[in-house]
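Chemist: Please find one structure pasted underneath; my questions will follow.
The values are calculated or read from the model by the stated rules, or taken from the named source; none is laboratory data. Here the structure is a predicted model, which means the values were calculated and not measured. Glycine gets a Cβ as well: all are built from the backbone with ideal geometry, and neighbour counts include every protein chain shown.
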Amino acid sequence: MRKNRVARSNPVRNNDPMPVASLLHLLLLSAIWGGSFLLIRVGAPALGPVPLMEARVLLAAIFLAVVALLLRRPLAWRTHWRHYLFVGLFNSALPFLLFGYAALTLSAAMLSILNATSPLWGALIAVVWQKAPLAGRTLAGLALGIAGIGLLVGFDRVALEPGAGVAIVASLAAALCYAVASNYAKTARTVEPFANAHGSMWAASLLIGPLLLAFPPNATPTPGIALAVLALGVVCSGVAYLLYFRLIADIGAAPALTVTFLIPLFGTGFGWFFLDEAVGWHTLAGGAVVIAGTALVTGFSPRLLTLRKEAANV
């Protein structure tokens with residue numbers, strides 16, 4: 001009933017162009033999530049991956065709790081706690097820790113590009129989990145993705161450093177975790193999107209917290225590092241979730257997912273500009289091939305950037 005009321009009060013046609021405000025929100029979200037790899041690259045060596053990521057999810061959880069209180073959005077923890085734990089583990093705790101570990105060695109550019117392989121993993125999981133057929137387009141996209149990863153890491157001098165191989169595997173495993181969470185969400189009991197974000201952040205905080213006993217902070221954070229951690233938690237997690245769900249409500253899930261293709265552009269640019277990371281031809285070429293493969297797997301079309309979905313379908 002609520003969907004019908006929304007549809008009548010907000011009539012939207014499928015062929016309407018994406019509003020300028022939504023396009024700006026899409027770019028802002030891409031910049032925020034691209035910037036998260038810059039902040040991880042700065043914070044992980046200074047504090048250690050575990051303290052950094054515990055601070056990230058805890059700050060995000062507190063921020064979202066304040067928003068939930070203001071908006072009167074219940075969490076229903078007793079009903080959905082198992083769901084929150086699963087999503088918190090595979091959509092936050094594990095991938096955040098894996099990327100934090102990888103950031104001790106890899107550049108922000110490589111981290112952001114390897115993150116873009118998540119839809120490739122998602123397609124493979126769907127074949128096994130949901131018995132989805134492996135279409136020729138999907139198979140071509142997977143092949144392109146693998147070729148792009150090989151091009152990216154095969155010509156990068158960072159890949160020759162000690163521990164780089166494990167860091168690359170950790171990054172790909174983080175992208176795999178996101179794919180697991182995404183496929184689970186398609187079949188799991190429906191939970192309101194904001195509650196998903198809020199509950200999963202508290203769950204991730206509980207899951208990562210005990211690891212601090214074995215992996216305490218490397219040092220007391222400087223004011224600069226503290227600001228980076230604050231931005232990573234509040235902006236790159238809390239605010240980013242709000243922006244993402246607003247985009248889904250405004251333009252639909254498929255156009256909102258185009259953020260996947262823009263994150264590496266910002267991640268690479270920020271790493272080059274702020275950390276003076278080298279961006280070689282292999283970085284650009286490998287990133288482009290990975291994104292092309294991801295586009296094939298997801299069925300992405302540039303037309304999604306100019307179309308708006310019906311509010312009733314959100």
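Chemist: Please go through segment 70-90 and give me each residue that is among the hydroxyl-bearing types (Ser, Thr, Tyr) and crowded, with 19+ Cβ neighbours inside 10 Å, ordered by number.
Modeler: 84, the sole residue that qualifies.
Chemist: Moving on. Out of 298, 220, which single residue is closer than 23 Å to residue 151 by Cα and either among the β-branched types (Val, Ile, Thr) or within 15 Å of the chain's Cα centre (by Cα) (or both)?
Modeler: Answer to the selection: 298.
Chemist: Which members of segment 270-300 meet the condition of being part of a loop (DSSP other than H, G, I, E, B) and at pLDDT below 85?
Modeler: The answer is 299, 300.
Chemist: Just give me the residues in segment 111-128 being part of a helix (DSSP H, G or I) and either aliphatic (A, V, I, L, M) or exposed (fewer than 15 other Cβ atoms within 10 Å of the Cβ) (or both), in sequence order.
Modeler: Answer for segment 111-128, where residues must be part of a helix (DSSP H, G or I) and either aliphatic (A, V, I, L, M) or exposed (fewer than 15 other Cβ atoms within 10 Å of the Cβ) (or both): 111, 113, 114, 120, 123, 124, 125, 126, 127, 128.
Chemist: Going through 67, 57, 50 one at a time, which residue ends up being part of a helix (DSSP H, G or I), surrounded by fewer than 21 Cβ atoms within 10 Å (Cβ to Cβ), at pLDDT 90 or above and under 22 Å from the mean Cα position of the chain (by Cα)?
Modeler: That would be 67, the only listed residue that is part of a helix (DSSP H, G or I), surrounded by fewer than 21 Cβ atoms within 10 Å (Cβ to Cβ), at pLDDT 90 or above and under 22 Å from the mean Cα position of the chain (by Cα).
Chemist: Is there a residue being touching a Ser or Thr at 6+ places or on another chain (Cβ under 7 Å), at pLDDT 90 or above and of a type in the set (Gly, Ala, Ser) anywhere in segment 145-168?
Modeler: Checked segment 145-168: at least one residue is touching a Ser or Thr at 6+ places or on another chain (Cβ under 7 Å), at pLDDT 90 or above and of a type in the set (Gly, Ala, Ser).
Chemist: If I ask for residues that are in contact (Cβ under 8 Å) with a residue 24 or more places away in the chain and aliphatic (A, V, I, L, M), which ones from segment 167-179 would you list?
Modeler: 167, 168, 170, 172, 173, 174, 175, 176, 179
Chemist: Based on what the data block shows, is residue 303 basic (Lys, Arg), modelled with pLDDT under 90 and part of a helix (DSSP H, G or I)?
Modeler: yes
Chemist: Does segment 133-147 hold any residues that are within 22 Å of residue 291 (Cβ to Cβ) and assigned to a loop (DSSP other than H, G, I, E, B), and which are they?
Modeler: Once the filter is applied, which keeps residues that are within 22 Å of residue 291 (Cβ to Cβ) and assigned to a loop (DSSP other than H, G, I, E, B), segment 133-147 yields 134, 135.
Chemist: Let me ask something additional. When residue 75 is evaluated against the numbered criteria (1) within 21 Å of residue 181 (Cα to Cα); (2) part of a helix (DSSP H, G or I), which criterion, by number, is the only one it fails?
Modeler: The one condition residue 75 does not meet is (2).
Chemist: Based on this model, can you work out whether residue 241 counts as under 14 Å from residue 85 (Cα atoms) and either free of Cβ contacts under 8 Å to residues at least 12 places away in the same chain or aromatic (Phe, Trp, Tyr) (or both)?
Modeler: No.
Chemist: If I ask for residues that are of a type in the set (S, T, N, Q) and more than 22 Å from residue 187 (Cβ to Cβ), which ones from segment 33-92 would you list?
Modeler: If the condition is that a residue be of a type in the set (S, T, N, Q) and more than 22 Å from residue 187 (Cβ to Cβ), then 36 is the only one that fits.
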